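Please read the structure below before turning to the comments.
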Amino acid sequence: QFGRTEVIDNTLNPDFVRKFILDYFFEEKQNLRFDLYDVDSKSPDLSKHDFLDQAFCTLGEIVGSAGSRPEKASEGVPGKKCGTIILLAEELGNCRDVATLQFCANKLDKKDFFGKSDPFMVFYRSNEDGTFTICHKTEVVRNTLNPVWQAFAIPVRALCNGDYDRGEEEEEEEEDGKRPTEVSKQPAGEQHQGQDAVVNPKKKMKKKKYLHSGTVTLLSFAVESDCTFLDYIKGGTQINFTVAIDFTASNGNPSQSTSLHYMSPYQLNAYTMALRAVGEIIQDYDSDKMFPALGFGAKIPPDGHVSHEFPLGRESFHRVHGDVAPGTRDGQRTGKLIAPWGAGRRRRLPKGYLEPPPGWVLRRGIEQGGSRRWIRCLPPLSPQAAKLPMSIIIVGVGQAEFDAMVELDGDDVRISSRGKVAERDIVQFVPFRDYMMHAGNQVLSMARLAKDVLAEIPEQLVSYMKGRGIKPQAAPEASGPP
């Protein structure tokens with residue numbers, strides 16, 4: 001799966017806004033598949049929704065068609081016409097500018113019988129063949145004829161592909177999608193700069209003295225160059241890699257070969273492979289190449305207390321140079337594993353615990369005979385964590401069910417807690433077994449694992465910096481001879 005569009009409610013002719021950037025290689029056959037679903041819930045699991053249609057093509061087929069705009073008949077149900085998927089491709093302009101705009105409107109037409117209107121604006125970009133494609137929708141402002149929409153930022157690439165002379169088209173619509181009105185570029189009456197008339201074509205045809213259906217005003221407009229992940233790295237931003245390893249009893253006795261922690265003299269275990277795959281990439285962005293390595297889910301000597309944050313080594317704060325495997329051995333020798341906190345099965349909490357560990361969230365609990373049982377727990381990832389300069393990578397090792405971890409990975413449904421939604425997505429989860437199910441080159445499998453778990457880190461870093469107005473510093477000048 002490469003990506004998903006947004007959901008558009010109650011329509012058989014959706015016009016999707018979300019764009020997808022793909023690398024195009026003339027010399028390769030790049031097969032694509034498009035699946036269409038009817039949404040029935042907020043679950044990101046596709047099996048919870050109704051499959052509608054499917055279409056196949058290659059990227060070359062899209063690029064090579066007339067106007068790079070092919071229409072593909074869906075193939076989801078054999079022998080039945082289920083509609084058409086229209087695709088449009090355009091080469092990405094090398095423009096990093098971002099435009100920030102804010103609009104308001106005044107004296108719009110009343111559209112609702114029992115109220116005023118629920119207006120929103122739709123923006124269309126002009127394509128190279130003269131057609132128009134939707135590129136942005138504002139939010140809906142309820143029950144008003146004088147809406148003020150929130151400011152929004154949009155890449156100039158999406159707005160006009162970097163061509164500032166290319167035209168745009170705007171429409172003002174009611175929430176139900178009926179009766180769109182065009183924003184005229186010709187001032188009607190006495191207009192000031194940045195204000196345009198809203199024209200309803202049907203009214204204009206019927207009424208000779210018709211002028212307009214209100215006005216739309218551009219309140220603010222600014223363009224600035226977008227900052228990239230590499231801009232921050234060049235300016236000196238460092239990424240610190242901290243490792244946390246699960247030592248709960250669900251992983252088995254480390255001294256037995258069936259354990260996920262078993263250290264075989266002949267091959268690496270799953271934990272070590274996953275850590276090396278990720279660490280070898282991250283270490284290039286960490287100046288000291290030293291990684292704090294911690295464990296959780298074990299009873300620690302000498303008093304045997306349960307710890308969910310203990311160093312994997314003999315030092316008070318163990319740092320492993322280039323490899324965390326030695327630390328995992330120390331952790332196995334000194335710690336006694338305890339019952340797991342999230343295997344997805346109904347279990348009795350360990351003796352002495354009436355609640356999950358501090359910072360963990362009990363999702364469902366059952367009182368039976370005075371004892372507390374639980375179904376599933378989530379680690380302390382909440383909207384508060386999304387405000388911190390951090391990204392969290394979760395690699396699910398073993399054959400357990402990872403529903404809770406999928407829930408934390410907010411690619412499609414942003415994680416929320418107590419009514420508060422996380423301001424950004426900071427979690428990336430992958431199950432390790434997906435990369436080891438088929439026999440093949442282990443090096444390539446680990447490279448694919450590293451690619452998938454680290455793919456979102458650059459955007460997560462940039463989103464944090466932008467959200468707090470932090471711009472990258474100038475790259476330091478090189479010292480010495482070139």
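The values are calculated or read from the model by the stated rules, or taken from the named source; none is laboratory data. These numbers come from a predicted model, not from an experiment. Heads up, the Cβs are rebuilt from the backbone with ideal geometry, glycines too, and the neighbour counts pull from every protein chain shown. Only protein heavy atoms, including side chains, enter the accessible area calculation; ligands, DNA and RNA are left aside. Shrake-Rupley method; radii C 1.70, N 1.55, O 1.52, S 1.80 Å.
Taking the criterion of being open to solvent by less than 70 Å² (accessible area, probe 1.4 Å) and under 17 Å from the mean Cα position of the chain (by Cα), the residues of region 1-15 that qualify are Gly3, Arg4, Thr5, Glu6.
The set of residues in region 109-148 that are under 18 Å from Leu159 (Cα atoms) and free of Cβ contacts under 8 Å to residues at least 24 places away in the same chain comprises Gly130, Glu139. Those strands (runs of 3 or more DSSP E) of region 85-162 in which 2 or more residues are surrounded by fewer than 17 Cβ atoms within 10 Å (Cβ to Cβ) occupy 97-106, 132-137, 152-155. The single condition from (1) open to solvent by 70 Å² or more (accessible area, probe 1.4 Å); (2) closer than 17 Å to Leu36 by Cα that His49 fails is (1).
One line per residue, one yes/no per condition, for (1) modelled with pLDDT under 90; (2) closer than 24 Å to Phe113 by Cα:
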site: Trp149; (1), (2): no, yes
site: Glu173; (1), (2): yes, yes
site: Lys185; (1), (2): yes, no
site: Ala188; (1), (2): yes, no
site: Glu224; (1), (2): yes, no
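Does Ala222 satisfy being surrounded by 15 or more Cβ atoms within 10 Å (Cβ to Cβ) and within 30 Å of the chain's Cα centre (by Cα)? In short, no.
Looking only at residues in region 65-84 that are surrounded by fewer than 17 Cβ atoms within 10 Å (Cβ to Cβ) and in contact with a Phe, Trp or Tyr (Cβ under 9 Å, 6 or more places away or on another chain), which one is nearest to Phe51 (Cα to Cα)? Of everything passing the filter in region 65-84, Gly76 is nearest to Phe51 (Cα to Cα). Of the residues in region 52-64, not one is part of a strand (DSSP E or B), within 24 Å of Ala158 (Cα to Cα) and acidic (Asp, Glu). Only residues that are more than 28 Å from the chain's Cα centre (by Cα), assigned to a loop (DSSP other than H, G, I, E, B) and touching a residue at least 24 places away in the same chain (Cβ under 8 Å) were counted in region 65-84, giving 3.
When the strands (runs of 3 or more DSSP E) confined to region 210-303 are screened for residues that are closer than 30 Å to Ile470 by Cα, those reaching at least 2 such residues are found at 215-225, 243-246, 290-296. Restricting attention to region 16-30, the residues that are surrounded by fewer than 11 Cβ atoms within 10 Å (Cβ to Cβ) and in contact (Cβ under 8 Å) with a residue 24 or more places away in the chain add up to 3.
Across region 277-287, a minimum of one residue is classified as among the acidic types (Asp, Glu), farther than 30 Å from Asn94 by Cα and either surrounded by fewer than 16 Cβ atoms within 10 Å (Cβ to Cβ) or at pLDDT 85 or above (or both). Among the residues that make up region 463-482, is at least one of them open to solvent by less than 80 Å² (accessible area, probe 1.4 Å), in a loop (DSSP other than H, G, I, E, B), modelled with pLDDT under 70 and more than 25 Å from Leu230 (Cβ to Cβ)? No, because not a single residue in region 463-482 is open to solvent by less than 80 Å² (accessible area, probe 1.4 Å), in a loop (DSSP other than H, G, I, E, B), modelled with pLDDT under 70 and more than 25 Å from Leu230 (Cβ to Cβ).
Checked against (1) in contact with a Gly (Cβ under 9 Å, 6 or more places away or on another chain); (2) under 16 Å from Ile86 (Cα atoms); (3) free of Cβ contacts under 8 Å to residues at least 60 places away in the same chain; (4) open to solvent by 70 Å² or more (accessible area, probe 1.4 Å), Arg33 passes all but condition (1).
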